[in-house]
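The values are calculated or read from the model by the stated rules, or taken from the named source; none is laboratory data. For clarity, every value in this text was computed on a predicted model and none was experimentally measured. Because the Cβ atoms are built from the backbone with ideal geometry, glycine has one as well, and the counts that use them run over all protein chains shown. All accessible areas refer to the heavy atoms of the entire protein, side chains included, with ligands and DNA or RNA removed. Shrake-Rupley method; radii C 1.70, N 1.55, O 1.52, S 1.80 Å.
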Amino acid sequence: MADGLGGVSVIPVWISVVGVVMTVLSPLLALGGVALGAYLTRKSDRELDTWRHREETMRMVRWAVEQILDDDEAGTDAGVVTLRSLMRSELLQPEDYDLVAALTAAVAIDRVGPAAYAEIADAEIEVVEGDGEHG
């Protein structure tokens, strides 16, 4: 086979350039894929952790409200202590604070009185008692 070069074949320049570029880019693309995977995994873990905290918070709130609504004085005290601790806990997400505070006000004011509720709530929250018709 005669190619005009004495039997030596030459690889076109563009194929050499593509080969070099792929050799350099392959590890960089792999590193980018690993970094993206790690980022998405961490984001998913944070969302799952937030969901677990919220789930546990609502479970505790439900239990505390049930205890407060029972006619047992010890259960009422346990429910109020639980809500008080929960409102000061890092377990309570900031976006859930208003909901838990309002729920606490709704069940605790009628059961334990405004003075006891004031200990649970922040000093900035005003305790407003409803009339007999609206709670």
Checklist line | Relative pair counts by distance (%), Cα atoms of region 4-49, 5 Å bins | finding: 5, 18, 11, 12, 11, 9, 8, 8, 5, 5, 3, 3, 2, 1, 0
Next item on the list: Set the Förster distance to 35 Å, then compute FRET efficiency between Arg52 and Leu29 from the Cβ-Cβ distance, nearest 0.05.
Entry: 0.50
Check: Working out 0.36 nm times the residue gap between Val21 and Asp45, then minus their Cα-Cα distance, what length gain in nm do you get to one decimal?
Finding: 5.1 nm
Margin query: As an exercise, use a Förster radius of 22 Å and the Cβ-Cβ distance of Asp71 and Leu99 to find the FRET efficiency, rounded to the nearest 0.05.
Written below: 0.30
Item checked: Portion, in percent, of the accessible area of region 32-84 that falls on carbon or sulfur, probe 1.4 Å -> 55 percent
Next item on the list: Could you estimate the translational diffusion coefficient of region 29-98 from the Stokes-Einstein equation, with Rh from the Kirkwood formula over C-alpha pairs, at 20 °C and 1.002 mPa s, in whole µm²/s?
Entry: 150 µm²/s
Next item on the list: With a cut-off of at most 10 other beta carbons within 10 Å, and DSSP calling the residue loop, which GluC sites (Glu not before Pro) in region 70-110 qualify? Please list them.
Entry: Glu90
Next item on the list: Find how many whole Å separate the alpha carbon centroid of region 50-68 from the alpha carbon centroid of region 73-94.
Entry: 9 Å
